1. Under the condition of being more than 13 Å from the chain's Cα centre (by Cα) and in contact (Cβ under 8 Å) with a residue 24 or more places away in the chain, which residue from region A:1-27 is surrounded by the most Cβ atoms within 10 Å (Cβ to Cβ)?
2. Checking B:Ser59 against (1) more than 8 Å from DNA strand D (Cβ to nearest atom); (2) farther than 24 Å from B:Gln5 by Cβ; (3) of a type in the set (Gly, Ala, Ser), which single condition isn't satisfied?
3. Just the residues that are more than 7 Å from chain A (Cβ to nearest Cβ) and either open to solvent by less than 20 Å² (accessible area, probe 1.4 Å) or not in a helix (DSSP H, G or I) (or both), please, taken from region B:106-125.
4. Does A:Thr43 fit the bill of being within 24 Å of A:Leu101 (Cβ to Cβ), modelled with pLDDT of 95 or more and either more than 12 Å from DNA strand D (Cβ to nearest atom) or more than 14 Å from chain B (Cβ to nearest Cβ) (or both)?
5. Out of everything in region A:28-45 that is without any contact (Cβ under 8 Å) to a residue 40 or more places away in the chain and open to solvent by less than 40 Å² (accessible area, probe 1.4 Å), what residue ends up being farthest from DNA strand C (Cβ to nearest atom)?
6. Could you tell me whether any residue of region A:74-92 is exposed (fewer than 15 other Cβ atoms within 10 Å of the Cβ), of a type in the set (S, T, N, Q) and within 19 Å of A:Thr43 (Cα to Cα)?
7. Failed condition for A:Thr60, given (1) within 13 Å of chain B (Cβ to nearest Cβ); (2) open to solvent by 40 Å² or more (accessible area, probe 1.4 Å); (3) β-branched (Val, Ile, Thr), with all others met?
8. Quick one: is A:Ser54 among the polar types (S, T, N, Q) and either assigned by TED's automatic domain parsing to the domain that holds A:Leu137 or within 11 Å of DNA strand D (Cβ to nearest atom) (or both)?
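The values are calculated or read from the model by the stated rules, or taken from the named source; none is laboratory data. Every value quoted in this text rests on a predicted model; they were computed, and no experiment measured them. Glycine gets a Cβ as well: all are built from the backbone with ideal geometry, and neighbour counts include every protein chain shown. Please note that ligands, DNA and RNA were not included when accessible areas were found on the heavy atoms of the full protein model with its side chains. Shrake-Rupley method; radii C 1.70, N 1.55, O 1.52, S 1.80 Å.
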There are 2 protein chains.
Amino acid sequence: MDTNQRLRAAAEKLALTLAQGGMQRATARVMTALLYTGKESMTAADLREELSISSGAVSTAIKQLAPLGLVERVPAPGSRRDHYRLRQGAWSNLMSQQNALLTVMCDAAREGIDAAGADGVTGRRLHEMQDFYTYMLEELVPLIDRWREQYTAGTGGASAG
Amino acid sequence: MDTNQRLRAAAEKLALTLAQGGMQRATARVMTALLYTGKESMTAADLREELSISSGAVSTAIKQLAPLGLVERVPAPGSRRDHYRLRQGAWSNLMSQQNALLTVMCDAAREGIDAAGADGVTGRRLHEMQDFYTYMLEELVPLIDRWREQYTAGTGGASAG
DNA sequence: CTGAATGTTTACAGATCTCTGAAATGTCTA
DNA sequence: TAGACATTTCAGAGATCTGTAAACATTCAG
């Protein structure tokens, strides 16, 4: 099957992009493997084999992906192995997690102003920074929330577009 | 002066955050040095001394920051040395640059659908991904544009908030 | 309770990336 | 054109990070 190879290639390529964005490499590969798999869910052994990585790496990857809401453990019916799958809304969760950085930037700006004072060149620069990140936070958070509502409304998935 | 030390500490802390977000460490330090300096602009030598890094590192940092629109070379009045300063709108430019990743994600989703087909579990997952990043692109780009207009309107800076 | 199968943790090896130091390049003055 | 000063480039040392292998813990069948 040639299609399978194309899928593998696409998965690896996307993993590379995610890695570029700060995600650990093996973690990104696990993520894209779960995205591109034809199965409903994959076991740790499946991932290990599919990606040719150690079980330790799989374990670490899951440990990183699960708390971010990107991947979830699925109750295995009749199997002792844990099954994992990409979570519904994974991408918006990923985005939210990146937004956490905006809060940090906002706080940093405020702290800077506290230390430097609101006047002078430094104060002015910090003020622009604070304004920007405040604006972004106020706009982005509701934006993502709106997406979530909108998407869970058309739960079927196929008709969501 | 104790204030100076507080500023240095704040700058370093922010640099660490930026580095966490993928920016090179020395590059991030140069960025925050330019943000926190009391001067209007800094020379490469200033940066080298302030941060205790080599001139090569400074050069590399500028080379990375300038194309992103975060830092600009300022015409030096009567000095042969180049002067640098944080650009107006640096933060929104940084954000825009991160948004470029959204486009990549969007394209990746489309390519995936091409390879996997729109039906089946894989197609459905990719579809959600595509929908999300399409939505984000459509919303985020105008959002930032709006900020830019809004901010350049109150050009003074001090009264911009 | 025992044994087997699976999942997790950790020290270490390998790879990767970053920064330094020095040479090369460029730019301006006289 | 020569000379001085500033910046850029680049090979290699150093630090950092990632993944593996193996020990350890846990869960479940019999």
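1. Here the answer is A:Ala11.
2. (1)
3. Of region B:106-125, the ones more than 7 Å from chain A (Cβ to nearest Cβ) are B:106-107, B:109-110, B:113-114, B:117-119, B:123.
Correct list: B:Cys106, B:Ala109, B:Gly117, B:Ala118, B:Asp119, B:Gly123.
4. On the way: within 24 Å of A:Leu101 (Cβ to Cβ): no; modelled with pLDDT of 95 or more: yes; either more than 12 Å from DNA strand D (Cβ to nearest atom) or more than 14 Å from chain B (Cβ to nearest Cβ) (or both): yes.
No, not satisfied.
5. Start the filter on region A:28-45 by keeping residues that are without any contact (Cβ under 8 Å) to a residue 40 or more places away in the chain, which leaves A:28-29, A:32-33, A:36-39, A:45.
Checking which are open to solvent by less than 40 Å² (accessible area, probe 1.4 Å) leaves us with A:28, A:32-33, A:36-37, A:45.
Details: A:Ala28: 13, A:Thr32: 18, A:Ala33: 15, A:Tyr36: 20, A:Thr37: 16, A:Ala45: 5 Å.
Ranking the candidates gives A:Tyr36 first.
6. Yes - at least one qualifying residue is present in region A:74-92.
7. Unmet for A:Thr60, out of (1) within 13 Å of chain B (Cβ to nearest Cβ); (2) open to solvent by 40 Å² or more (accessible area, probe 1.4 Å); (3) β-branched (Val, Ile, Thr): (1).
8. On the way: among the polar types (S, T, N, Q): yes; either assigned by TED's automatic domain parsing to the domain that holds A:Leu137 or within 11 Å of DNA strand D (Cβ to nearest atom) (or both): yes.
In short, yes.
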